[in-house]
Structures are given as C-alpha cells and as structure tokens.
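**Q** A single structure is presented below for examination.
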C-alpha cells in the first residue's frame, strides 16, 4: 500500500446514491429518466459502476416521510434495506449502507433486517443511524409533536445498545448442524438480551444467527453536540457536512478526541464529509454546467423546505433579500440543528440572497459543492485528506449515472496515481474495506443510563 508524507493509509470513498442525482433539478436534464427513482435496475447499475471503481460502499438516505412536494423532484424512496438486498444479488464486494431511524423503528425489527442484509450480502451491510428531524415524520407515527433533540439521541443510544445485544444473542458457534446426533443448534450458546430500559423492553434472542460481520458497520450522520457525543461512542464512520477545510478539520479533531476519551482508538472512526463534484474538461465548462443546473431550479418549491429548516414561516423569506436578521438560535431548533447552523453561516458569510442560497443548496443541501476539472476535484480531496480534515468522502454526484461514471473514470485514476486510493479490493466485507475488526460478542443484561451515553458522565 502506498503512503503519503504526513498521513499513512488511503482514502475511504462511498457513493451516495439519490434518484437521478443530488442536484434537485437533475431530473429535468434531457439525459435523465424521471422514473428512475423506482427502478431497481437503475440502482443496480449505479452500484456496479461504484464497485468497478473499487469504492468502499454505496450509501442510501432514508426518512419515513414523503420528502417535500412531489412537484419538486422525483420523490419515490424505496425502502433501503430491501433495495440493497436487491443490489447485493448483482454485486460481490461493494459495501451496502442503509439509513434507518431510531426514532421511528423498534430495535428487534431493525436489528433483524440488518442481520439479514449482512447474511444476504456476505458481510457488506452498514447502518447509517439517524434520529430523524421534522414534524411531518412524527405525525406519521401517532405523535403530535417532534420529540426533543436530546430525547431522540437518548433513545438512539439505548436503541443501539439493544441492537448490539440482539446481534450478539447468538454465539458464533451456536449452530452445530450435527445430523448424526439430531442436534441442529446449542441452546446454551443463545443469549437473550433480557433488556429492560428507559425506552425499550426486549426479552428474547434474535431469530437470525450471528452475521458474517458480527455487527453491521455503524455509521452516523449528525454534527450537533449530541450528535458528536453519540458518534464518538458508537460510530465507525461519520457522514458530515462542512463548507470549509478549517471547519472540517476542527470537527475531525474534536471527534477523534471524544472517541479517545471514551476509550476508543481514534483511527477506528472514519470521518467522511459529503462532496458534490461537478466535472468539466475545463473549469469554465464545469461552472457552466453548474449554472445550467442552477437555472433549472424552481425557487418556489425550495422555499418551504428552507423555511422549515430555519424555523421560520415562508412569509418571512424574500427571494431577493438576505436572510432575516432575527432568526431562531440553534438552541431553539429541535430539528436538524447542525445543518441549520451551517446554512445560516454560509448565507451570512457570503451575504447570499434567499434565491442565491437556494441555488447553492440545490446541489447538495449544504454539502460542499465543487465545480472544476478532475484534477481540481482530486486536489481538493487530497488537500482535505492531507490536512487531517477528512478520512475520505461521501461522493454525491449531482447527476446520475453521469456524475458517478465521470468520477470513477476521471478522478479516481488521479487519486490512485498519488497512492491515495486502492486499485483492487483486499477483502470481502465492508469492515475489511474500512480496516475495522469484527466485534467480539458483548454480553450484558443491564440497561445503562442513556442520558450518560449521550452526554458522558457528569464528572467528566
């Protein structure tokens, strides 16, 4: 394995797949199939492209709610673990990361789904743990209000604790398959969680044997104070959003320090900011392509979503003015705290009108968008990696499949020439790709204090 001065090792790169691209107007291009969001073969093709590039994984977002207006963009969101099971059948190495909410699921059902996906794929499953912001989702689950931000993370902590007990409820050698004796399995090697906690009571063992990876790789998305603390305790990869190298580096260093404080090896957490590459043969061509996409955005569709993120009414936002001076503070927001702060700081720093802000967010919803040549995109990735601002990236092509194909064919060869990315897979599981160990079974029937799991001990 080649290394660079200053930082040994190589990048980790996921392909974040979303319909026909992350740019909200991508579906309006002549090349785009506006029905691809419900086409399994479309996603299988994208996964094969990513696997051909030897990327670590494909990554799917999810939320238990209809996203915004169906007038705005393709809105079908196939259930991600089912979609990834279909993708697993036509791939062999690429990791498969699905987003699932701890607020609107039950540990037994979700642990079973991910254990099943890990078996089906031969050890390639990952779980992107989210707590789900937004009142619309709450109203789909018998709730009149959104659970408080802190409570959602406390629930998430206990959810993960229970899930790990369930994945470990079978010993690796529980299946004997002794035909002569007529004994298929050993009951003494089954360990029911018998969990009674603040949010969950789960008595029995999982009805799926321990999977190839032991646990799916645990991924987390969220950069608030509660999110950082949760990630430092549980996450093995963190999907985050930053608009500058300096801020990304601060986050990277902070998360590694927190992990070490929790007794973890900081290298066991991979910090992966999102990046939206828009490529052209020249920088001017790439910028023209980005402008073409921006001109296809209909601001009236994006305005309600922006208002909801900011915690204001749409009547307070005027397309050709800057954001109002008196916005709610982050402490007053119970939704996506860190993303809201990122968007406000971006708008204030660059003095963007609401219209211009909508265009800036149209490509990646706050993730870093770069329009340039393959060399320029490779330079940015290299700079962030060498500066200790990222261990890799979630690559979010603006247009699919075009953007993914261009990244694989044009950017990856440059990174490989620099010794920054693999030429072949060296393992078969997602843990292999990330260089993570298979976790040893954890045995505990006690329920920890979930408040401490989120905030850390009061004496810290």
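**Q** From the list 206, 218, exactly one residue is assigned by TED's automatic domain parsing to the domain that holds residue 115 and either out of contact with any strand residue (DSSP E or B) (no Cβ under 8 Å at 6 or more places or on another chain) or assigned to a strand (DSSP E or B) (or both). Which is it? First the steps, then the outcome.
**A** On the way: 206 fails: either out of contact with any strand residue (DSSP E or B) (no Cβ under 8 Å at 6 or more places or on another chain) or assigned to a strand (DSSP E or B) (or both).
That would be 218, the only listed residue that is assigned by TED's automatic domain parsing to the domain that holds residue 115 and either out of contact with any strand residue (DSSP E or B) (no Cβ under 8 Å at 6 or more places or on another chain) or assigned to a strand (DSSP E or B) (or both).
**Q** So how many residues does the range 253-270 have that are closer than 23 Å to residue 433 by Cα and part of a helix (DSSP H, G or I)?
**A** Counting residues in the range 253-270 that are closer than 23 Å to residue 433 by Cα and part of a helix (DSSP H, G or I) gives 8.
**Q** Could you tell me whether the range 40-48 includes any residue that is farther than 29 Å from residue 382 by Cα and crowded, with 21+ Cβ neighbours inside 10 Å?
**A** No; the residues of the range 40-48 include none that is farther than 29 Å from residue 382 by Cα and crowded, with 21+ Cβ neighbours inside 10 Å.
Conditions (1) assigned by TED's automatic domain parsing to the domain that holds residue 84; (2) over 28 Å from residue 46 (Cα atoms); (3) in contact with a strand residue (DSSP E or B) (Cβ under 8 Å, 6 or more places away or on another chain); (4) at pLDDT below 95, marked per residue:
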{"position": "95", "(1), (2), (3), (4)": "yes, no, yes, no"}
{"position": "99", "(1), (2), (3), (4)": "yes, no, yes, no"}
{"position": "139", "(1), (2), (3), (4)": "yes, yes, no, yes"}
{"position": "149", "(1), (2), (3), (4)": "yes, yes, no, yes"}
{"position": "170", "(1), (2), (3), (4)": "yes, yes, yes, no"}
{"position": "174", "(1), (2), (3), (4)": "yes, yes, yes, no"}
{"position": "178", "(1), (2), (3), (4)": "yes, yes, yes, no"}
{"position": "188", "(1), (2), (3), (4)": "yes, yes, no, no"}
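Listed here are the residues, each with its yes/no results for (1) crowded, with 22+ Cβ neighbours inside 10 Å; (2) touching a residue at least 24 places away in the same chain (Cβ under 8 Å); (3) touching a strand residue (DSSP E or B) at 6+ places or on another chain (Cβ under 9 Å).
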| residue | (1), (2), (3) |
| --- | --- |
| 350 | no, no, no |
| 353 | no, yes, yes |
| 357 | yes, yes, yes |
| 386 | no, yes, no |
| 398 | yes, yes, yes |
| 418 | no, yes, no |
| 423 | no, yes, no |
| 430 | yes, yes, yes |
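**Q** Considering only the range 340-408, give the helices (runs of 4 or more DSSP H) lying wholly within it that have at least 1 residues that are at pLDDT below 95 and not assigned by TED's automatic domain parsing to the domain that holds residue 57.
**A** It comes to 354-361.
**Q** Please identify the pairs in which a residue from the range 43-70 that is without any contact (Cβ under 8 Å) to a residue 60 or more places away in the chain and not assigned by TED's automatic domain parsing to the domain that holds residue 81 has its Cβ atom under 8 Å from the Cβ atom of a residue that is part of a helix (DSSP H, G or I) and surrounded by fewer than 18 Cβ atoms within 10 Å (Cβ to Cβ), counting only partners at least 6 apart or on another chain.
**A** none
**Q** Being over 20 Å from residue 421 (Cα atoms), in contact with a helix residue (DSSP H, G or I) (Cβ under 6 Å, 6 or more places away or on another chain) and modelled with pLDDT of 95 or more is the requirement here; does residue 47 meet it?
**A** Working: over 20 Å from residue 421 (Cα atoms): no; in contact with a helix residue (DSSP H, G or I) (Cβ under 6 Å, 6 or more places away or on another chain): yes; modelled with pLDDT of 95 or more: yes.
The answer is no for residue 47.
**Q** Every residue in the range 168-182 that is surrounded by 12 or more Cβ atoms within 10 Å (Cβ to Cβ) and part of a strand (DSSP E or B), please. Let's see the steps before the verdict.
**A** Of the residues in the range 168-182, the ones surrounded by 12 or more Cβ atoms within 10 Å (Cβ to Cβ) are 168-172, 174-176.
Hits for the range 168-182 are 170, 175, 176.
**Q** Same structure, new question: Answer with yes or no whether residue 210 is touching a residue at least 24 places away in the same chain (Cβ under 8 Å) and over 23 Å from residue 101 (Cβ atoms). Spell out the reasoning first.
**A** Details: touching a residue at least 24 places away in the same chain (Cβ under 8 Å): yes; over 23 Å from residue 101 (Cβ atoms): yes.
So residue 210 passes the test.
**Q** For the range 104-126, does any single residue satisfy the condition of being surrounded by fewer than 24 Cβ atoms within 10 Å (Cβ to Cβ), in contact with a helix residue (DSSP H, G or I) (Cβ under 9 Å, 6 or more places away or on another chain) and over 24 Å from residue 442 (Cα atoms)?
**A** There is at least one residue in the range 104-126 that is surrounded by fewer than 24 Cβ atoms within 10 Å (Cβ to Cβ), in contact with a helix residue (DSSP H, G or I) (Cβ under 9 Å, 6 or more places away or on another chain) and over 24 Å from residue 442 (Cα atoms).
**Q** Which residue out of 229, 250 is part of a helix (DSSP H, G or I), over 27 Å from residue 107 (Cα atoms) and either in the same structural domain as residue 377 (by TED's automatic domain parsing) or out of contact with any strand residue (DSSP E or B) (no Cβ under 8 Å at 6 or more places or on another chain) (or both)?
**A** Values: 229 fails: over 27 Å from residue 107 (Cα atoms).
From the options 229, 250, the qualifying one is 250.
**Q** A further question follows. Could you please give the count of residues in the range 256-279 that are out of contact with any strand residue (DSSP E or B) (no Cβ under 7 Å at 6 or more places or on another chain) and within 30 Å of residue 75 (Cα to Cα)? Walk me through how you get there before you give the answer.
**A** Step one: list which residues in the range 256-279 are out of contact with any strand residue (DSSP E or B) (no Cβ under 7 Å at 6 or more places or on another chain), which gives 256-268, 279.
Next, from what is left, pick out any that are within 30 Å of residue 75 (Cα to Cα): 279.
Number satisfying all stated conditions: 1.
**Q** What is the residue count in the range 232-245 for residues that are in a helix (DSSP H, G or I) and touching a residue at least 40 places away in the same chain (Cβ under 8 Å)? It would help to see each step written out before you state the result.
**A** Of the residues in the range 232-245, the ones in a helix (DSSP H, G or I) are 232-234, 245.
The next check asks that each one be touching a residue at least 40 places away in the same chain (Cβ under 8 Å); those that pass are 233-234, 245.
Number satisfying all stated conditions: 3.
The values are calculated or read from the model by the stated rules, or taken from the named source; none is laboratory data. Since this is a predicted model, take the numbers as computed values, not measurements. Note that we place each Cβ from the backbone using ideal geometry, even for glycine, and neighbour counts take in every protein chain shown.
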